[in-house]
Amino acid sequence: MAKEYDVIIIGSGPSGYTAAIYAARANLSVVMFQGYEIGGQLMQTSDVENYPGFEEGILGPDMMEKFEAQARRFGTEMLTEDVTAVDFSQRPFTLTADSGEYKARAVIISTGASAQWLGLPSETLLKGRGVSACATCDGFFFKGKAVAVIGGGDTAMEEATFLTRYANHVTVIHRRDSLRASKIMQDRALKNPKISFIWDTEVAEVLGEDAIDGLPLRNVKTGEESTVPMQGLFLAIGHKPNTELFEGLIEMDKAGYITPVEFTMTNIPGVFAAGDVTDHRYRQAVTAAGDGCRAAIDVERWLEAQAEK
């Protein structure tokens, strides 16, 4: 017979762990499906210097260890497996994982969003050592250096403009000969003397072992190849929310981000969402953690209301 919990949390990033801390501390029975990739995107982040309370900075994996330990301290059960199916048609809800079925009076979805990558082996090797998908997170580490931004949308222009605060020069590399960004964002980037553009071009490789040395480029129209010296590479070709499991069940926007209908509750009463899975704008550890807090408080109050009924 499936074990029943007050709350099941799907996902183990800052939002999931914070939700677990608040829910378990409120004396609710909580189990978290951490997934096979525990800790979310911060596990691929080297130094985190903008999270309050860590004045000297902290490594992303070390921060996630602290989040997990704090959630365990209040009694959260942890399962290092993925949820493979959900049944939200009746309460208690049923969730299926490799180890069997689990039931919950309420569910918090905190599965996050994954940055889109180029798919180069060298890119993977140098993640956190010069390759990043978050200028706000990592721009500080590129003071006085030359960096590249890949992309042509609003996010790419925002990242490029932001990086000019630190880098001595920013090169935007785009596969097309025009930008998809809004006119105001285009104008801002095109008029910035610290930003230049390479058009009709893709990055073919990332050079370097412990840090980036340069970027081999390929012109998509002529096939011409060249290499530019570069110390940093920022990808801004989009994020994909990890919501495939909930398609057709939970209301989402056209990009696949969950759209809560009231506070953190989704269109299904008793199912809540928090963190990057609902956030295509900020995508910061601290905002995700705040979302997890909100979701746990919403769950606690919703369960109290159900008990009163």
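Using 0.36 nm per residue, how much length does the chain from Leu120 to Lys3 gain when fully extended, once their Cα-Cα distance is taken away?
Numbers: separation 117, 0.36 × 117 = 42.12 nm, distance 4.26 nm.
Contour length minus the Cα-Cα distance gives 37.9 nm.
Suppose R0 equals 25 Å; then what is the FRET efficiency for Ala204 and Phe162 from their Cβ-Cβ distance, rounded to the nearest 0.05?
Details: r = 26 Å, r/R0 = 1.03.
Calculated value: 0.45.
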Calc'd 3J(HN,Hα), the range 220-237, phi into Karplus 6.51 cos²θ - 1.76 cosθ + 1.60 (θ = phi - 60°), Hz, glycine/Pro = x, comes to 6, 9, 9, x, 4, 10, 7, 10, 10, x, 7, 10, x, 9, 10, 8, 9, 10
Give, in whole angstrom and from largest to smallest, the semi-axes √(5λ) of the equivalent ellipsoid of the chain, with λ running over the eigenvalues of the Cα gyration tensor.
40, 20, 17
Through the Karplus equation 6.51 cos²θ - 1.76 cosθ + 1.60, θ set to phi - 60°, convert the phi angles of the range 101-112 into ³J(HN,Hα) values in whole Hz; use x for Gly and Pro.
9, 9, 10, 8, 6, 8, 10, 10, 8, 9, 7, x
Give the long-range amide H neighbours of Val149: residues separated by 5 or more places, or on another chain, with amide H under 5 Å away, using H modelled in the peptide plane at 1.01 Å from N.
Thr171, Val172, Ile173, Phe234
Is the shape of the range 176-297 rounded, prolate or oblate, going by the alpha carbon gyration tensor and its root eigenvalues a ≥ b ≥ c, with a/c under 1.5 for rounded and a/b larger than b/c for prolate?
prolate
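Pull out the extension gain between Arg129 and Glu251, defined as 0.36 nm times the separation in residues minus the alpha carbon to alpha carbon distance; nm, one decimal. Before the final figure, lay out the partial values.
Working: separation 122, 0.36 × 122 = 43.92 nm, distance 3.70 nm.
Full extension from Arg129 to Glu251 adds 40.2 nm.
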Scan around Lys240 for amide H atoms under 5 Å from its own, H built in the peptide plane at 1.01 Å from N, and keep only partners 5 or more places away or cross-chain.
Ser114, Ala115, Gln116
Given H placed on each backbone N at 1.01 Å, which residues far from Met32 in sequence or on other chains put an amide H within less than 5 Å of it?
Ile9, Glu77, Met78, Leu79
Looking at the range 248-302, which trypsin sites (Lys or Arg not before Pro) are DSSP coil and have at most 12 other C-beta atoms within 10 Å of their C-beta?
Lys254, Arg281
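Considering only DSSP beta bridges where both residues belong to the chain, give the percentage that are antiparallel (nearest 5). Let's see the in-between values first.
On the way: 26 of 59 bridges.
In the chain, approximately 45 percent of DSSP beta bridges are antiparallel ones.
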Applied in sequence order to the range 209-215, the curve 6.51 cos²θ - 1.76 cosθ + 1.60 (Karplus, θ = phi - 60°) yields integer Hz couplings, x standing for Gly and Pro, of 10, 9, 7, 6, 9, x, 10
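Taking Cα pairs under 8 Å and at least six residues apart, what relative contact order does the chain come out at, in percent? Intermediate values should be presented prior to the final figure.
Values: 701 pairs, mean separation 64.4, N = 309.
21 percent.
Rounded if a/c is under 1.5, else prolate if a/b is larger than b/c, else oblate: which is the range 117-235, with a ≥ b ≥ c the root eigenvalues of its Cα gyration tensor? Let's see the in-between values first.
Working: a/c = 1.69, a/b = 1.11, b/c = 1.52.
Verdict is oblate for the range 117-235.
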Calculate the FRET efficiency for Thr227 and Lys194 from the Cβ-Cβ distance with a Förster distance of 22 Å, rounded to the nearest 0.05.
0.55
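Count charges around His239 for me, please; just the other residues with Cβ under 11 Å from its Cβ, Lys/Arg as +1, Asp/Glu as -1. Mind dumping the intermediate values first?
Details: positive: Lys240, Arg281, Arg283; negative: Asp276, Asp279.
Net of charged neighbours comes to +1.
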Can you tell me the orientation of helix 285-308 relative to the chain, as the angle in degrees between its alpha-carbon axis and the longest Cα principal axis, to the nearest 10?
20
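Can you compute the helix-only [θ] at 222 nm over the chain? Use -39500 (n - 2.57) per DSSP H run of at least 4 residues, normalise by all residues, nearest 500 deg cm²/dmol.
Numbers: 7 runs with 77 residues, N = 309.
Using -39500 (n - 2.57) per qualifying helix, the result is -7500 deg cm²/dmol.
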So how far apart, in nm, are the two label points at Glu101 and Ala69 if each is 7 Å from Cα heading toward Cβ?
3.8
Using a 10 angstrom cutoff on alpha carbons, build the Gaussian network for the chain and name the most mobile of Thr124, Thr266, Thr84.
Thr84
Given charges at beta-carbon only (K, R positive; D, E negative), |dipole| of the range 240-309 in Debye
180
If we count every other residue with Cβ under 12 angstrom of Val277's Cβ, Lys/Arg +1 and Asp/Glu -1, where does the sum land?
-3
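Only the coordinates and a few stated rules stand behind these numbers; no lab work does. Bear in mind the structure is a predicted one, so any value in this text is a computation, not a measurement. Using ideal geometry, Cβ is built from the backbone for each residue, glycine included, and neighbour counts are taken over all protein chains shown.
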